[in-house]
Amino acid sequence: MADVLSQHEIDALLAAISTGELQQQPVLDEHKKVKVYDFKRAVRFSKDQIRNLTRIHEGFARLLTSFFSAQLRTFAHVYVASVDQLSYEEFIRSIPEKTILTPFEGASLQGRMLMEMNPHITYAMLDRLFGGKGIPSEIEMDRGLTEIEVSVLEGMNEKILGLFEEAWRDLMEVNAMLLDLETNPQFVQIVPPNETVIVISFSIDIGEASGILNLCLPYLVLEPVMPKLTTQQMFSTQKIEKQGVESETLKGSVQRVELPIIVELGTAGISIEDFLSLETGDVIKLNQPVDGKLNVRVGPEVKFEGYPGTKKGRMAIRIEKVLSEGVENNE
């Protein structure tokens, strides 16, 4: 019990501290890092959910890379630059005053989402689509969009939203629908200013042009699917989806297997002596009447019954009855 101080030792220590002979050590480490927390903006997305959102949109970035390369016939590269959660007001203040905003919604989700594309990328795309080199001038970017450019851009954005649906398909069906096209951020209010949103920023290189595409997904819209954004749930969902795809693939393969179908016109019994003496023109009488039903075999089992006939000059049989369990031939 050497570590236990006596009352005399405790009194001596207190006296030394009161007289200044012994300096009191601080309880907290002055060098310990303190994390700043803003109570005005609640953190609603966990690190695990942000990590899975990043994984989903990395797939979206790969789809965009292939899409832009094919549509614009030039080198294109898209990757996820950052994934941040902030207030909607902060997001609106962070984007240029003149930009291309595309509000959209999902049929299976409640609320609106927003796609924002930097003018450098937007006008480079339009320039390429109209036969240019994809290097718009500052004068072009300062002017407004013409009706033809708006129509073309809406078509492109609908295809981009189609890729967004595909990226989310393993988790849920989004069914994204384009609502409008706007150039002034102040005219687009999809949620209250203080509402938390997740912003996925993509860096895009198209030829010699580069810029940013932002996806703004409000927490209120994603809230119903938040439980599915955990790693365990995503892997479970993907496993079920994979099993479903494998089952459909197997079913499709089985359905394409060819089966032998034989229509029996009848049977007859003859001796070996008669069989050996058969010649061209001989007639063998069958046990099946001319107007009777014929058995249709699938493999070794009788599966259908029908009547013989012709169609378009070829012999055919009309199915009259389906035998669900089949009838084995015991003859």
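Tabulated results
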item	result
Qualifying positions in the range 26-64 - at pLDDT below 85 and among the small types (Gly, Ala, Ser)	ALA42, SER46
Conditions (1) at pLDDT 85 or above; (2) in a loop (DSSP other than H, G, I, E, B): number failed by GLY266	(1)
Selected residue [among the β-branched types (Val, Ile, Thr) and either modelled with pLDDT of 80 or more or more than 47 Å from the chain's Cα centre (by Cα) (or both)] from VAL257, VAL245, VAL298	VAL298
Residues satisfying the stated conditions in the range 66-93, i.e. part of a helix (DSSP H, G or I) and touching a residue at least 60 places away in the same chain (Cβ under 8 Å)	PHE67, PHE68, GLN71, LEU72, TYR88, GLU89, PHE91, ILE92
Selection count where residues are in contact with an Asp or Glu (Cβ under 7 Å, 6 or more places away or on another chain) and within 22 Å of GLY162 (Cβ to Cβ), scope the range 75-98	3
Residue check for ALA70: surrounded by 19 or more Cβ atoms within 10 Å (Cβ to Cβ) and among the small types (Gly, Ala, Ser)	no
Residue satisfying condition, being under 16 Å from the mean Cα position of the chain (by Cα), within 20 Å of SER108 (Cβ to Cβ) and surrounded by 14 or more Cβ atoms within 10 Å (Cβ to Cβ), within set GLU173, GLU165	GLU165
Residues of the range 270-302 satisfying the condition of being touching an Asp or Glu at 6+ places or on another chain (Cβ under 9 Å), surrounded by 11 or more Cβ atoms within 10 Å (Cβ to Cβ) and within 20 Å of LEU259 (Cβ to Cβ)	LEU294, ASN295, VAL296, ARG297, GLU301, VAL302
Where ALA12 falls short, out of the listed (1) at pLDDT below 75; (2) more than 30 Å from ASP84 (Cβ to Cβ)	(1)
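The values are calculated or read from the model by the stated rules, or taken from the named source; none is laboratory data. This one's a predicted model, so the numbers in the text were calculated from it and none came from an experiment. Counting neighbours? That spans all protein chains shown, and the Cβs are built from the backbone with ideal geometry, glycine included.
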